[in-house]
1. Just checking, which of A:314, A:307, A:277, A:331 is outside any strand (DSSP E or B), free of Cβ contacts under 8 Å to residues at least 60 places away in the same chain, more than 28 Å from residue A:200 (Cβ to Cβ) and at the interface with chain B (Cβ under 9 Å from one of its Cβ atoms)?
2. In the list B:215, B:206, which residue meets the criterion of being under 16 Å from residue B:140 (Cβ atoms) and surrounded by fewer than 24 Cβ atoms within 10 Å (Cβ to Cβ)?
3. Please work out which one of (1) surrounded by 24 or more Cβ atoms within 10 Å (Cβ to Cβ); (2) out of contact with any strand residue (DSSP E or B) (no Cβ under 9 Å at 6 or more places or on another chain); (3) farther than 14 Å from residue B:205 by Cβ is the condition residue A:227 fails and give its number.
4. Restricting to the stretch B:284-296, count the residues that are surrounded by fewer than 22 Cβ atoms within 10 Å (Cβ to Cβ), facing another protein chain (nearest Cβ under 9 Å) and assigned to a loop (DSSP other than H, G, I, E, B).
5. List the number of the failed condition for residue A:100; all other conditions in (1) under 30 Å from residue A:278 (Cα atoms); (2) crowded, with 23+ Cβ neighbours inside 10 Å hold.
6. Can you pull out every residue in the stretch B:105-116 that is in contact (Cβ under 8 Å) with a residue 24 or more places away in the chain and farther than 24 Å from residue B:67 by Cα?
7. Quick one: which residue in A:80, A:52, A:13 is surrounded by fewer than 20 Cβ atoms within 10 Å (Cβ to Cβ), free of Cβ contacts under 8 Å to residues at least 60 places away in the same chain and touching a strand residue (DSSP E or B) at 6+ places or on another chain (Cβ under 9 Å)?
């Protein structure tokens, strides 16, 4: 796997560097350095509170000196295209012989100036939103697996579906369980070094892509934790979420919710239904293909006080009858135990 | 709109010319001729039983002489690429100054030999599976329309969802109602001369594409009949179907079913659930965004005897409590009446 130099120029510690932050949090051993000249010389943890002593550098060359062999574009960009700063950094990285990991909608390999430079320097470009051209149409192939498959679903997009699965992966591995994470979005792909953006494929192939990523993640694993996307009720992304559900055919679901959120992201007209209704709809839509049990609730309480958060966690646990926690703020243990108990019960049959 | 020469060489009257047959059935005034040298000189109705006196010709030039100004590739092709016969016909058509309508996965405009020829001859190529590059992410924009929106849904793919809406469009227009058909797949697009293949867009844009096509179809219309795609329980295509449901936000649903079919197409492992369950699931998945009422059942009884068909239509009407018919074999009236009654009731509020 690559050793990343994460591009976050002028943005480390801000919301637009969220992708970079997640890679630092969940793939720190693969991060050689972060590029942000406004913090050059500091450590990552000085700026964002985690990430230990990963150095922050001011130039591509300094990043390479820290052992990086790839530049990772770790920021979000509004609209299409490559902003000048990103473009310059990619050019310099290619000239330094670094590979490129890019999750933006604009593909580096297709760029009229960067593309030829890539080929000239013989570096590898991972435009992770580019779909492979050999995807199958989904046809329930996951049923051939013996592994336990768990999918994160949610009441909305951008609510903690990737995060809970990564927390679970870490905790399960620490407990000696062979658990793998199946990355279905760009940040997850950066963290694992492989995967498939299921929202970037041609619509006919959502389930097929979800199958492919689930089957690959199942190699050398007993429990596959599939990264969720969107929500089956999101006005823009529901198709992706349902294709992922029907492609990955999970045995178990972990449902994610952000308690203070009342309406869907970018869709203030649409109220988020009660959590129990969302759970029932997921199970109803999964059942005809393969029954899925909801085994836990992951809450994102980052906007709440400690008191409020603990109160809401208790309340949701009571309402749903399910193990409930904020696995980042508090402890993933209730969900880890739920996964292990479900897996043991399933294998006992 | 174009006057088509439908390419069906050696295949008119066979299942692989299904697309061409549908265009003849529902867009006959726009069909100048059919190309199939094995039937040259005959009329279309001689071979397929409908299509009246549309002439069958043996060459592109003869088709142009019949008034065609566009070649329509009206056959299905297994796999990618353009078969030699199709390629030759397209080349000759371009050289004759005909536009091209192509629904295959391979795009004519991108072909290394045909592309330059297109530009040289100044003809227009409609590669109808190529998505536009300015699609929005779905966000419930259809709510701004005042028109009544009806969507065809189904227990499976390839079950009559396009057909019932075209039968309804014709019958409603004959009754003096301003009804339009919103084409979401290649055959529908050929029939109407515009539309959007919602299964060919990048997954993030399924609902956005469905919104766009619904909004456009609503111009100069009182009732919009949205062509359905796939099934929300199909292992391969469910994402497309749900994105279409959440993008078009129908007020009313017509559910399509083929009674003898027990398992999903290309998925013999998966039983089709009872029709009432499929209806309930659609309504449950629509409700949080906008409630949709199922107002009728369209059955495809083409595999059944007349006795069996009539018995099953009665049985399904009783089971579902809904107006039920085979609108091709018998009479679309029960569904036409259901649409008009629903529309009147909705406007009365």
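The values are calculated or read from the model by the stated rules, or taken from the named source; none is laboratory data. Quick caveat: nothing in here was measured; it's all calculated off a predicted structure. FYI the Cβ positions are ideal-geometry reconstructions off the backbone, even for glycines, and counts take in every protein chain you see.
1. Within the list A:314, A:307, A:277, A:331, the selection yields A:277.
2. Values: B:206 fails: surrounded by fewer than 24 Cβ atoms within 10 Å (Cβ to Cβ).
Only one candidate passes the filter, namely B:215.
3. Just one mismatch for residue A:227, condition (2).
4. The total comes to 2.
5. (1)
6. Taking the stretch B:105-116 as the starting set, the residues that turn out to be in contact (Cβ under 8 Å) with a residue 24 or more places away in the chain are B:105-106, B:108, B:111, B:114.
Correct list: B:105, B:106, B:111.
7. Working: A:80 fails: touching a strand residue (DSSP E or B) at 6+ places or on another chain (Cβ under 9 Å); A:13 fails: touching a strand residue (DSSP E or B) at 6+ places or on another chain (Cβ under 9 Å).
Residue meeting the stated conditions: A:52.
Conditions (1) in contact (Cβ under 8 Å) with a residue 40 or more places away in the chain; (2) assigned to a helix (DSSP H, G or I); (3) out of contact with any strand residue (DSSP E or B) (no Cβ under 7 Å at 6 or more places or on another chain); (4) under 30 Å from residue A:155 (Cβ atoms), marked per residue:
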| site | (1), (2), (3), (4) |
| --- | --- |
| B:270 | no, no, no, yes |
| B:282 | yes, yes, no, yes |
| B:303 | yes, no, yes, no |
| B:337 | no, yes, yes, no |
| B:340 | yes, yes, yes, no |
